[in-house]
Each structure stands twice: as C-alpha cells, then as structure tokens.
1. Taking the range 223-257 on its own, how many of its residues are under 34 Å from the mean Cα position of the chain (by Cα) and surrounded by 11 or more Cβ atoms within 10 Å (Cβ to Cβ)?
2. Can you name every residue in the range 36-45 that is open to solvent by 40 Å² or more (accessible area, probe 1.4 Å) and within 21 Å of Leu186 (Cα to Cα)?
3. Among the strands (runs of 3 or more DSSP E) confined wholly to the range 1-119, which include 3 or more residues that are among the aliphatic types (A, V, I, L, M)?
4. What number of residues within the range 180-211 are touching a helix residue (DSSP H, G or I) at 6+ places or on another chain (Cβ under 8 Å), of a type outside the set (D, E, K, R) and surrounded by 14 or more Cβ atoms within 10 Å (Cβ to Cβ)?
5. For the subset of the range 258-294 comprising residues that are open to solvent by 90 Å² or more (accessible area, probe 1.4 Å) and either of a type in the set (Phe, Trp, Tyr) or under 54 Å from the mean Cα position of the chain (by Cα) (or both), which member is modelled with the highest pLDDT?
6. Give all pairs with beta carbons closer than 8 Å in which a residue from the range 156-182 that is more than 19 Å from Val206 (Cβ to Cβ) and of a type outside the set (Asp, Glu) meets a residue that is part of a helix (DSSP H, G or I) and open to solvent by 70 Å² or more (accessible area, probe 1.4 Å); count only pairs at least 6 apart in sequence or on separate chains.
7. Looking at Thr26, Thr48, which is the one that is of a type in the set (Ser, Thr, Tyr) and open to solvent by less than 30 Å² (accessible area, probe 1.4 Å)?
Amino acid sequence: MIKPEKTINGTKWIETIQINAEERATLEDQYGINEDIIEYVTDNDESTNYVYDINEDDQLFIFLAPYALDKDALRYITQPFGMLLHKGVLFTFNQSDIPEVNTALYSALDNPEVKSVDAFILETLFTVVVSFIPISRAITKKRNYLDKMLNRKTKNSDLVSLSYLQQTLTFLSSAVQTNLSELDRLPKTHFGVGADQDKIDLFEGVQIEGEQVQRMFEIETQVVDRIDHTFNNLANNNLNDTMKFLTIWSLTLAVPTIITGFYGMNVKLPLAGMQYAWMLALGISVALIVAMLIMLKVWRKM
C-alpha cells in the first residue's frame, strides 16, 4: 500500500506498507526508484545498514524493529524497515507492517520540534529504539515469575516459556547490537556531514538510548541463561534422586526374591524341614535387606 503524500516541513514523504508488484512498478515508473533498491528495502532478511549513492545523491537507511509473533507468550523476532531519501523525497518502507515503526513515524511527524527531514529520520530511529524497552520490561517480569517457580514443581509449560524468552532475547539482542553499531557509525557517514548542534544532539540522544537498551538486554540474557542452567541442574538432580530411589527399591525387592527362590528349589536344603522354615526365610531376607541398607548408608549411596 502506498499512502497519500505528506510533507515534512516542505519535504515530500511517501509512506509504503506491504507493497505488491503493481505498487513496486508505480515506485519505479512514477518516482524513478531503481528496482534493485526496492528489492533491497523490502527484503525481510536484510540487516541494519546505511548506504549513500554518490552518483544519485540517494541515502538509504535500513534498521531492525521488534515484531511480535505472540505478545502474550513474549515471542518476538525482528524485521527490517527502510527509509530512502531519493531526489529530495523521503520514502519509508514497512514491508512487515510493524506497529512500532508506524507509531515511530507518526510520532516524529507530530513532533513540533522536528523541523527537517534529517530530524524526522533520527526521531523515528529514536522511537524505534525506545520500543524495545517495554519488551525488555515484560521479559523481566516473566523472568521473575519463572525464577520463583524454581522453588516449586517444575512444569513443562515453564520450560517452554523459558525457551520462548531465550529465543526472543536472541533475536532482540542481536538487533539491538546491530542497530547500535550503525547508529555509532551514522555521524561519520554522509548523513552526518555538516551536522548542526541540534542534529548532533539527536545523534547523541539516539546513541545513548541505544546503549541503554543494549545493556538491558545483555543483563536479561545473562539472567535468563542462569535460570535455564538452574532449571537443567534441578531436572538432573530430580532424575538422579528418582534413579537412586528406584535402584534401592529394586535391590531391596531382589533380596527376598533370591531367598524364596533358593528355598523354592525342589531339593533338600538345610533347615527346610523345620515347621517354621518360612519364618526363617523371611528373617534371613529382612536381615539381609537391613544389612544392605546400612552398607549403602555407610557408603553414602543413599
């Protein structure tokens, strides 16, 4: 979808969302955008990047934003969105229709302090970076809940939730890191040449916010990994306790089986003719079981 033209202090803004083949052709024919550029900015597998075409004087920005697969389960991946300055016109590409990107664009548009297209771009990036923070806080809340479950019975649903957190943190941590690397590089590119104080302040603001978000996700990743390690240790310990219990019971039940089987043979055995020989077999079994349990206790196998 190509939305109607808007203006940012005199600069045209063409917003596109999930464009199809016909709309791609419109961008090529009406606005003269190269087909390769359109393929590049609409590729969902692209990573963060900034490209300046010195021949066309075009500037292309690609950044990653969080994309929810299941908000309730905190399942997130990241998807790219693009901004292209082409012949004095700003084009934005949100091929995955990411809500956080739409919010960031219109938040920058409505900001009275945004007085240039460069400021619009940096304000948009700032808001996208900030959009990672609520997800990090939700992960912290979920992580605290799972941490409390360590003192209770571990459920498969808790392990699945922990796995979702690890997957989400993997995607978002990587995106935050690559975004921050590009934000650090951006002032040194053509986009940062001749920046005035206001633009420098915007660069610093988005970089500081990016560093804060990066630290938040680094901490969450470390803590969640430790919780996962603890879960695994608890599961192994529980399995060891169960195997120990079953082993001891199997040894205990094997003793009377051996004794009764021995005296059940169809041959003459010592004391087999006594009136209470069965009580003797029972006593021998109990004595051997007690002796075995004492030996296991002494050898610290129980």
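The values are calculated or read from the model by the stated rules, or taken from the named source; none is laboratory data. Since this is a predicted model, take the numbers as computed values, not measurements. In this analysis, Cβ positions are derived from the backbone assuming ideal geometry, glycine residues included, and neighbour counts consider all displayed protein chains. Side chains included, ligands, DNA and RNA excluded: accessible areas come from the protein's heavy atoms. Shrake-Rupley method; radii C 1.70, N 1.55, O 1.52, S 1.80 Å.
1. The number of residues fulfilling the criteria is 13.
2. Within the range 36-45, Ile37, Tyr40 meet the criteria.
3. In the range 1-119, the matching strands (runs of 3 or more DSSP E) lie at 58-70, 75-86.
4. 13
5. Ile294
6. Gln166/Asp225
7. Thr48
Condition check ((1) farther than 19 Å from Ser173 by Cβ; (2) surrounded by 14 or more Cβ atoms within 10 Å (Cβ to Cβ); (3) in contact with a Pro (Cβ under 6 Å, 6 or more places away or on another chain); (4) touching a residue at least 60 places away in the same chain (Cβ under 8 Å)) across all residues:
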{"residue": "Lys3", "(1), (2), (3), (4)": "yes, no, no, no"}
{"residue": "Gln18", "(1), (2), (3), (4)": "yes, no, no, yes"}
{"residue": "Glu22", "(1), (2), (3), (4)": "yes, no, no, no"}
{"residue": "Asn34", "(1), (2), (3), (4)": "yes, yes, no, no"}
{"residue": "Asp58", "(1), (2), (3), (4)": "yes, yes, no, no"}
{"residue": "Phe61", "(1), (2), (3), (4)": "yes, yes, no, yes"}
{"residue": "Leu64", "(1), (2), (3), (4)": "no, yes, yes, yes"}
